[in-house]
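One structure is given here, and the rest of the page talks about it.
Nothing in this text is a laboratory measurement; each read-out follows from the coordinates by a stated rule. Only a predicted model underlies this, so the values are computations on that prediction, with no experimental measurement involved. Because the Cβ atoms are built from the backbone with ideal geometry, glycine has one as well, and the counts that use them run over all protein chains shown.
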Amino acid sequence: MAIKNFSYECIDAWKNKLQKENTRIYWIGNYYDNEVYDDTELSAETLDILVNKCANILKGFQLKDKPIVLYLPNVLQLPIIALATLRIGLTVLPISATNEDVNCLHDIMKSSGADTVVTIDGFWMGTRLIRTKELLDAAITDIGIQRVLVIRHVSPDKGMPPPQVNLIGRRPYYMYKQKRDSWWSGFFPKASTSCKAETVSNESIALLLPIRNASSAELLPISLERLQTEITHVQSAIHPDEPSLIISTTNIFHQIICTLAALRVGAVPLIASSL
């Protein structure tokens, strides 16, 4: 079967070479105590299911002519969404959640013409809480954003058991706008686990990189051909039989590139989200 796209190369091409239970992504968060460690492993089977489900969810939003904005830190969902968008030929506008400049965010999103944003409720950068959803709400007050998908990261979750140790402080609370805002996880239970990788031309725009100057925000288009060049360059430094450590930075474009490069050669990206 001919290779379809990067999502195919990273997932489907390895189905007959790896066991379903083989680890494909290892993610390490920035919280731990004596009993709890904030880390996750995704097996080959689980990654395949999540990416296919995510691709089908995004298909349902009919975003072919518009980019999807990812206003995220280096969370586990980032590579899943990146692989899903590549699978169906969508354009991604990645914005690091370490960017707390509301005016900058406003200009970038207004320039993009996007109507869908995937973000996170908040996250910790060292000992400081970044209120990502709150910043996003302020940035899109007069922009035609129709859909905000929120990844639950620091907000209370009724499905999680209470902590064994009570820490001083409280979890953040965020405004939830009806008809616009939805929890990211709510779409997955009913989504299909099958999504065929689409054939996409090299000239197609895979990503838009925001470039902020003194007067406006510009978006630099990155074609699939350019993306392949970047990924191939990183691949040359990766050993397929060794874990590839990817440390969180403020540049999520680089993090996407490094994760795709590792998966493409069969290595296990070890993603450390601590900042």
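Below, the figures for the structure above:
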item	result
Spin-label proximity, residue 17 to the range 48-78 - amide N less than 17 Å from point 7 Å beyond Cα toward beta carbon	48
Two-decimal log10 I(q)/I(0) for the range 195-275, as the Debye equation yields it once each C-alpha is a single scatterer, q = 0.15, 0.18 Å⁻¹	-0.65, -0.87
Extension gain (nm, one decimal) between residue 177 and residue 65, 0.36 nm per residue minus Cα-Cα	37.8 nm
Separation in nanometres of the label points that stand 7 Å from Cα toward Cβ, at residue 218 and residue 131	3.4 nm
Other-chain or far-sequence residues with amide H under 5 Å of residue 246's (modelled H)	270, 271, 272
Pairwise label distance in nanometres, residue 250 with residue 146, each label 7 Å out on the Cα-Cβ vector	3.4 nm
Over the chain: Rg over Rh, Cα atoms, Kirkwood Rh	0.94
Dipole of the range 43-116 [Lys/Arg +1, Asp/Glu -1 at C-beta], most positive-end residue of 86, 96, 108	86
Under-5 Å amide H pairs with residue 25, H placed in peptide plane, nonlocal only	42
From phi via Karplus (6.51, -1.76, 1.60), per-residue ³J(HN,Hα) for the range 249-263 in Hz, x at Gly/Pro	9, 7, 10, 6, 4, 5, 5, 5, 4, 5, 5, 5, 4, 5, 5
Mean Cβ count within 10 Å, highest first, over the residues of peptides 89-96, 69-76	69-76, 89-96
Förster radius 35 Å - calculated FRET efficiency between residue 194 and residue 104, Cβ distance, rounded to 0.05	0.35
Mean Cβ count within 10 Å, highest first, over the residues of peptides 192-203, 133-144, 115-126	115-126, 133-144, 192-203
